[in-house]
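Asks: Let me begin by handing over the structure; questions about it come next.
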Amino acid sequence: MQVFWSRGYEGTSLTDLTRSMELSKSSLYDTFGSKHDLFLEVIDYYRENVSSQIRSIISIDAPARQVIANVLGRAVDRILDPVGKRGCLLNNTAVELGPNDAEAAARCSAGLATIEETFHRLLTRAQARGEIGSDKDIPALARFFTSTINSIMVMGKADPDRARLEDIARTALEVLD
């Protein structure tokens, strides 16, 4: 996963994979079938073990605005950290392979749907508690915050300016007013 995440699908060679996994090419093929099959398993693993970590925000008993501010702040911190600079594997894959690889795109879409569903649950709870107005479109807000996290990741790669990224996060929170 780390190799694909750092180099992308096309930028990762079989030699990169066999070295990092300490496998021969024949063992890699026997175990996973192909580079593409391995990559699809990596996406599934990432979805279940990395991107699903956002699900934990639903258990935080704090105002939604504060929880979302923390999530966006962590996204900014992560993309500015040298290790986190590689961004989100789902986002990277959607951009690199999405238009031409239906299987990879579907897996990315499922991962992003998990994030969106988490925001949906958090915002629904917030609306029930009166933290946000009853006029707010919860599904649209959930999609918006999912896309905001991803835009922070993309923008941070192209222009790693903390003030600009924090401005995106701060402005995004204004939709809750």
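Asks: Using all alpha carbons of segment 1-57, what is the percent of pairwise distances in each 5 Å bin, ordered from the shortest bin to the longest?
Replies: 4, 19, 27, 24, 13, 7, 4, 2, 0
Asks: State log₁₀ I(q)/I(0) for segment 34-94 at q = 0.12, 0.16, 0.28 Å⁻¹ as given by the Debye formula over alpha-carbon point scatterers of equal weight, solvent excluded.
Replies: -0.39, -0.64, -1.18
Asks: Give the order of VAL83, VAL95, VAL42 when sorted by the count of other beta carbons within 10 angstrom, beginning with the fewest. Can you show the working numbers first?
Replies: On the way: VAL83 7, VAL95 14, VAL42 22.
Lowest count first: VAL83, VAL95, VAL42.
Asks: Longest span of the chain, sites excluded, free of GluC sites (Glu not before Pro) in DSSP loop with at most 11 other C-beta atoms within 10 Å?
Replies: 23-177
Asks: Moving on to the next point. Taking the chain as the reference, fit the longest principal axis to its C-alpha atoms, fit the long axis of helix 138-158 to the helix C-alpha atoms, and give the angle between the two in degrees, 0 to 90, nearest 10.
Replies: Approximately 50 degrees, to the nearest ten.
Asks: Shifting gears a bit: Would you mind working out the magnitude of the charge dipole of segment 103-177 relative to its Cα centre, with +1 at each Lys and Arg C-beta and -1 at each Asp and Glu C-beta, to the nearest 20 Debye?
Replies: Dipole size: approximately 200 debye.
Asks: Taking the chain on its own, what percent of its Cα-Cα pair distances exceed 28 Å?
Replies: Working: 4685 of 15576 pairs.
Everything past 28 Å amounts to 30 percent.
Read-outs: derived from the displayed coordinates by stated rules, not from any lab. As the structure is a computational prediction, the values presented were derived from the model and not from experiment. Positions of Cβ are backbone-derived with ideal geometry, glycine not excepted, and every protein chain shown enters the neighbour counts.
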